[in-house]
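Every number in this text was worked out from the coordinates using simple rules, so none of it is lab data. As the structure is a computational prediction, the values presented were derived from the model and not from experiment. Glycine also receives a Cβ, built like all others from the backbone with ideal geometry; neighbour counts cover every protein chain displayed.
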Amino acid sequence: MTKASAESSVFFNEKGYEKFNHFIEQESFTKIFVLVDTNTHVHCLAPFLQQLETNIPLEILEIDAGEENKTLDTCSSLWDTLSHLGGDRKSLLVNLGGGVVTDLGGFVAAAFKRGIACVHFPTTLLAMVDAALGGKNGVNLGALKNQVGVIKKPEMVIADTSFLGTLPAAEMRSGLAEMLKHGLIADEDYWNRLNSLKELGITDLEDLIKESVVIKEKIVKEDPLEKGLRKSLNFGHTLGHAIESFFLVDPEKQKLLHGEAVAAGMVLAAFLSSKLEGFPIHKRDEIRNSIHSMYGRITISIEDQEKIIDLLKYDKKNEGGKINFVLLRKIGEPVIDREVPNSLILEAFRFYLALPENE
Ligand code: NAD
């Protein structure tokens, strides 16, 4: 571990680059590898390099963009390349990209030579408020999400919010879902403010992004290894991940972004919360209406619902065959490790599907 790891390690914009330049000046890295995907190569690499002040040799590693490339095969080819390019234990890996790059790059760094230093530069809203924070990394196994990985924090996270300027609107909405989740599990006022956002511009979002970072960092700090409280960050993700996995494998299905699946998962979890935890009905409806107005709704046939429920057995929170849900007692008050009968999940789907489809 290097010196930076002891302190809180998320920095923004200019201050972030200052911290980063100072960090690499202090550590005697032999080489800096910058991992990009095909899109961040085009949109983010040049501005990143412009801010870099170092003479340490630099290599660019590129992967194809997209969740379908978050695989062990991609890791394996990166490990080969790192080795071939002379990567050693004093190399630094910079992960410049969205959650796919930070999740996969974090894992590549954690395992290469039994662990080299890495720094995340998240370039999507979702990665800034969620994926790059907390040290969870890893890859999918086939369509099953995040089945292989470790928890190891990067040395620091630098969020340059100007990167959001080139992010497609659907990706911005996807990131917003994790911010909404932070509001629902931790802070009703924050949830209300997100709901009154007129548009997803960088200026309006800047402070809200910082608040989301604080919420997630606080939870992770209290429970870094996910023994209890940290599980609340999975609100909406039990069914959300199953929906995401289900749509990922079937090329006939619409392409779903992570946040879109999580948004649907949160509506389902709100319904289950009202059934099992006394979560207020008017708040349940508020969540459904608000998410519907931002995301529309996904079409999921009864047959597909059964298949999605079947995928729940692969959820990482399961213990001894028991599927564990995060539910809400009220906004800001999550409860973890809740069991839910399948019949109620089907009822939750009916509640979700009762609103009109996407226009
Ligand atoms: P992503 O990395 O696939 O990025 C979305 C798309 O935006 C990609 O096509 C990417 O190339 C492109 N892109 C990235 N930055 C850009 C920019 N500045 N301008 C233009 N295009 C840009 O997906 P994501 O939504 O960032 O992250 C989703 C992943 O994060 C999932 O794999 C999910 O499992 C993971 N995740 C991890 C955690 C965690 O705690 N580790 C938490 C939440 C999500």
Quick one: Karplus J couplings for the stretch 169-185, per residue in order, coefficients 6.51, -1.76, 1.60, θ = phi - 60°, nearest Hz, x for Gly and Pro?
-> 4, 5, 5, 5, 4, 4, x, 4, 4, 6, 5, 4, 4, 4, x, 5, 8
About the Cα centre, charge dipole magnitude for the stretch 151-222 (Lys/Arg +1, Asp/Glu -1 at Cβ), debye | 260
In units of 2.2 N^0.38 Å, what is the alpha-carbon radius of gyration of the chain?
-> 0.97
Please work out how much length the chain gains when fully extended from GLU306 to ALA46, using 0.36 nm per residue of separation minus the C-alpha to C-alpha distance, in nm with one decimal.
-> 89.0 nm
What spacing in nm lies between the two simple spin-label points modelled at VAL150 and THR203, each 7 Å away from Cα in the Cβ direction?
-> 4.5
With springs connecting C-alpha atoms under 10 Å apart, model the chain as a Gaussian network and identify which of HIS22, HIS41, HIS237 has the largest mean-square fluctuation.
-> HIS22
Please work out how much length the chain gains when fully extended from ILE56 to GLU347, using 0.36 nm per residue of separation minus the C-alpha to C-alpha distance, in nm with one decimal.
-> 99.0 nm
Of THR203, THR71, THR123, how do they rank once you tally other Cβ atoms within 10 Å and put the fewest first?
-> THR203, THR71, THR123
Non-local residues with an amide H under 5 Å from the amide H of ILE60, with H modelled 1.01 Å from N and Pro and chain starts lacking one, are VAL34
Ranking LEU144, ALA159, LEU133 by how far each Cα lies towards the positive end of the charge dipole of the stretch 120-185 (+1 on Lys and Arg Cβ, -1 on Asp and Glu Cβ), the top one is LEU144
Amide H contacts under 5 Å for LEU144, restricted to residues at least 5 apart in sequence or on another chain and with H modeled in the peptide plane, are none
Per-residue Cβ contact counts at 10 Å, fewest first, order ASP187, ASP37, ASP310 as ASP310, ASP187, ASP37
Simple spin-label estimate for HIS282 and ALA354 in nanometres, 7 Å along Cα-Cβ | 1.7
In order over the stretch 256-270: 3J(HN,Hα) from phi, Karplus 6.51/-1.76/1.60, θ = phi - 60°, whole Hz, x for each Gly or Pro, gives 10, 7, 3, x, 5, 5, 5, 4, 4, x, 6, 5, 4, 5, 5
Fewest-first sequence of TRP191, TRP79 by Cβ atoms within 10 Å of each Cβ | TRP79, TRP191
Full-stretch length increase - LYS90, LYS113 - with 0.36 nm per residue and alpha-carbon distance subtracted | 7.3 nm
What FRET efficiency comes out for the pair ASN318/LYS218, r = Cβ-Cβ distance, R0 = 25 Å, nearest 0.05?
-> 0.45
Residue-ordered couplings for the stretch 204-213, obtained by feeding phi - 60° into the Karplus form 6.51 cos²θ - 1.76 cosθ + 1.60 and rounding to whole Hz (Gly and Pro as x), are 5, 8, 3, 5, 5, 4, 4, 5, 4, 4
Could you tell me what percent of the DSSP beta bridges with both partners in the chain are antiparallel, to the nearest 5?
-> 25
How big is the antiparallel share of DSSP beta bridges in the stretch 76-233, given as a percent to the nearest 5?
-> 25
Summing -39500 (n - 2.57) over every DSSP H run of at least 4 in the chain, dividing by its residue total and rounding to the nearest 500, the 222 nm mean residue ellipticity is -15000 deg cm²/dmol
For GLU25 and GLN254, FRET efficiency with R0 = 56 Å and r from the beta-carbon atoms, rounded to 0.05?
-> 0.75
Which peptide among 303-309, 259-265 comes first, and what is the full order, when sorted by highest mean count of other Cβ atoms within 10 Å?
-> 259-265, 303-309
Over 24 Å (Cα to Cα) among LYS255/LYS275; LYS19/LYS216; LYS31/LYS152; LYS90/LYS218; LYS275/LYS330; LYS19/LYS221 -> LYS255/LYS275; LYS90/LYS218
Going by the alpha-carbon gyration tensor, a ≥ b ≥ c the square roots of its eigenvalues, is the stretch 312-359 rounded (a/c under 1.5) or, if a/c is not under 1.5, prolate (a/b greater than b/c) versus oblate?
-> oblate
Which distance in Å, rounded to a whole number, links the C-alpha centroids of the stretch 6-69 and the stretch 196-265?
-> 24
